[in-house]
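The values are calculated or read from the model by the stated rules, or taken from the named source; none is laboratory data. What you see is a predicted model, and the numbers here were worked out from it, not measured in a lab. Positions of Cβ are backbone-derived with ideal geometry, glycine not excepted, and every protein chain shown enters the neighbour counts.
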Amino acid sequence: MKPVAIIGGGITGLTAAFRLEQQGIPTALFEAADRVGGVIQTVRDGEFLAECGPNTILETSPLIGDLVRDLGLEDRRIYSSKQAENRYIVRKKRPVKLPGSPLAFLATPLFSCRAKARLLVEPFIRRMPADEEESLASFVRRRIGREFLDYAINPFVAGVYAGAPENLSVREAFPKLHALEQRYGSLILGQILGARERKRKGSVSRKNAPKFSFDQGLETLTESLRQKIKGSICTGEAIGKITRQNGSWTVRNDTGTTKLDEKYSGVLLALPAFRLAELQVTCESKPMNLSMLGDIQYAPVASVVLGFHRKDVDHPLDGFGALNPEVEKLHSLGTIFSSSLFPGRAPDGHVLLTSYVGGLRAPHLVSKTPDEICERVMEDLRIILGVKGEPTYRHTQFYPRAIPQYDVGYGRFKEFMKDLEEDGNGLFFAGHCRDGVSLGDSIVSGHEAAGRIATGLRKST
């Protein structure tokens, strides 16, 4: 059997390769960087353990736990601490705990009495026609008011997409919110009735889904996948040309050559949209133009990981982290209390914080030097968390194009990729520009792509 070529060695491509090989389908994986894993990158420096990209995996699908089990990593998986259930939103430059119950909501200073009273009207707001697309900001203002947009949705969007609620499509970026309105006519009623349905089905919401990592960080997962994959893994290979001729595919790097002069039964493209747009794809002598995918906007992000003496931080750090609403006019998007989530992230007597800078809110900051960005973050931390002194550890990572923006109209990109797959030529798409931007979404995307490829190959034989 001819192997399947997988272009892109992030978590999606690695998962797909592993799942394909489990079904007896050989693979060959190509990655432009000198390492696999994509944005998952764990840095160990003495007793500090820093995550340069994602910090946790949200176990929203059983497929995620299945992957951990099949890789033999269950004993190395660690779940977040109980206190990680607490989340903070900054208001008036101070972190305020998000309410976790109706009574706590009534008492919270995060929202005004007027904003709380506004929720009583929400069940009576008309639903938008299902075929009419709406921005997230418009949706939230219409259903629950401006204050909730500013102090709940805006910081949440910064934490997930590093994007702008005014641009994001509620249907594409937050399909469950859209579904609540369409199914129940109300977000509040939908939350109540949906919780009952989930309890009956034994499913779990994203809010209550377990969060986990590994004893040596998230790179444990990608490294284990790399070791388990039997097919060739070629790093430093930026594929630029893909051709199907006489029923088989060939791939070439940007210089027109490849180390593996081989025919492939199919090709999985697990690349960011801006790389997809650059590919030269030819199918039976007919060009396939992917350039429209270059219109997908990406948010730039810089990750700043800082260690401190515990005595130099006033805040108890009893939570997942703190998000910064745009109206607070701070430099950073938010901060994760990394050493509060999992053990082994900082030496005794120290704490580790991970802050994110940039996004569509302040893209210019990502072009600053590491020292300049660190100082901006320190200004925020001094105000919000009462940080004193200087960091004992520092690591900065830049992602000029980090997260795709599922803006209004994004559905056309998904339909475009789906249509190309359904042509039956053996070309497949997966990854964050197709199936969701979270780490868990990428794992599920790789798994499901492997299933579609296996089904397609069976049909063609």
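Output the residues belonging to segment 47-59 that are closer than 10 Å to ASP441 by Cα and either crowded, with 21+ Cβ neighbours inside 10 Å or of a type in the set (Asp, Glu) (or both).
As a first pass, look at segment 47-59 and keep what is closer than 10 Å to ASP441 by Cα: 57-59.
Selection gives ILE57, GLU59.
Across segment 299-324, what is the total count of residues that are surrounded by fewer than 21 Cβ atoms within 10 Å (Cβ to Cβ) and either touching a residue at least 24 places away in the same chain (Cβ under 8 Å) or not in a loop (DSSP other than H, G, I, E, B) (or both)?
Number satisfying all stated conditions: 8.
Test ALA33 against the criterion of being of a type outside the set (Val, Ile, Thr) and buried (at least 22 other Cβ atoms within 10 Å of the Cβ), and give yes or no.
So ALA33 fails the test.
Just the residues that are buried (at least 23 other Cβ atoms within 10 Å of the Cβ) and either of a type in the set (Asp, Glu) or within 23 Å of the chain's Cα centre (by Cα) (or both), please, taken from segment 132-148.
Pass one, segment 132-148, residues buried (at least 23 other Cβ atoms within 10 Å of the Cβ): 136, 139-140, 143.
LEU136, PHE139, VAL140, listed by residue number.
For the list (1) buried (at least 17 other Cβ atoms within 10 Å of the Cβ); (2) over 26 Å from GLY53 (Cβ atoms); (3) out of contact with any Cys (no Cβ under 7 Å at 6 or more places or on another chain), I need the number of the one condition that ILE229 fails.
Of (1) buried (at least 17 other Cβ atoms within 10 Å of the Cβ); (2) over 26 Å from GLY53 (Cβ atoms); (3) out of contact with any Cys (no Cβ under 7 Å at 6 or more places or on another chain), only one is false for ILE229: (2).
Only residues that are touching a His at 6+ places or on another chain (Cβ under 9 Å) and part of a strand (DSSP E or B): list them for segment 56-98, please.
Across segment 56-98, the qualifying residues are TYR88, PRO95.
Looking at LEU110, LEU168, which is the one that is surrounded by 17 or more Cβ atoms within 10 Å (Cβ to Cβ) and over 25 Å from ILE192 (Cβ atoms)?
Just a single option satisfies the conditions, and that option is LEU168.
Test VAL357 against the stated conditions and say whether it is in a helix (DSSP H, G or I), within 17 Å of VAL39 (Cα to Cα) and not charged (D, E, K, R).
Numbers: in a helix (DSSP H, G or I): no; within 17 Å of VAL39 (Cα to Cα): yes; not charged (D, E, K, R): yes.
For VAL357, the condition - in a helix (DSSP H, G or I), within 17 Å of VAL39 (Cα to Cα) and not charged (D, E, K, R) - is not met.
Has segment 422-438 got at least one residue that is at pLDDT below 95 and part of a helix (DSSP H, G or I)?
yes
Just checking, which of SER285, SER332, SER339, SER355 is modelled with pLDDT under 95 and either of a type in the set (Gly, Ala, Ser) or in the same structural domain as LEU420 (by TED's automatic domain parsing) (or both)?
Of the residues listed, the single one that is modelled with pLDDT under 95 and either of a type in the set (Gly, Ala, Ser) or in the same structural domain as LEU420 (by TED's automatic domain parsing) (or both) is SER285.
Quick test for you: out of GLU421, GLU415, pick the one residue that is surrounded by 18 or more Cβ atoms within 10 Å (Cβ to Cβ) and under 30 Å from ARG244 (Cβ atoms).
Residue meeting the stated conditions: GLU421.
Within segment 378-387, is even one residue of a type in the set (Asp, Glu), in a helix (DSSP H, G or I) and assigned by TED's automatic domain parsing to the domain that holds VAL305?
Yes, there is a match, as at least one residue in segment 378-387 is of a type in the set (Asp, Glu), in a helix (DSSP H, G or I) and assigned by TED's automatic domain parsing to the domain that holds VAL305.
ASP314: in contact with a Gly (Cβ under 9 Å, 6 or more places away or on another chain) and acidic (Asp, Glu), yes or no?
Judged against the criteria, ASP314 is a match.
So which residues in segment 209-258 are without any contact (Cβ under 8 Å) to a residue 24 or more places away in the chain and basic (Lys, Arg)?
ARG252, the sole residue that qualifies.
How many residues, within segment 351-384, are touching a strand residue (DSSP E or B) at 6+ places or on another chain (Cβ under 6 Å), within 23 Å of LYS97 (Cα to Cα) and not β-branched (Val, Ile, Thr)?
Going through segment 351-384 one residue at a time, the tally reaches 6.
Can you find a residue that is buried (at least 23 other Cβ atoms within 10 Å of the Cβ) and β-branched (Val, Ile, Thr) anywhere in segment 363-370?
No; the residues of segment 363-370 include none that is buried (at least 23 other Cβ atoms within 10 Å of the Cβ) and β-branched (Val, Ile, Thr).
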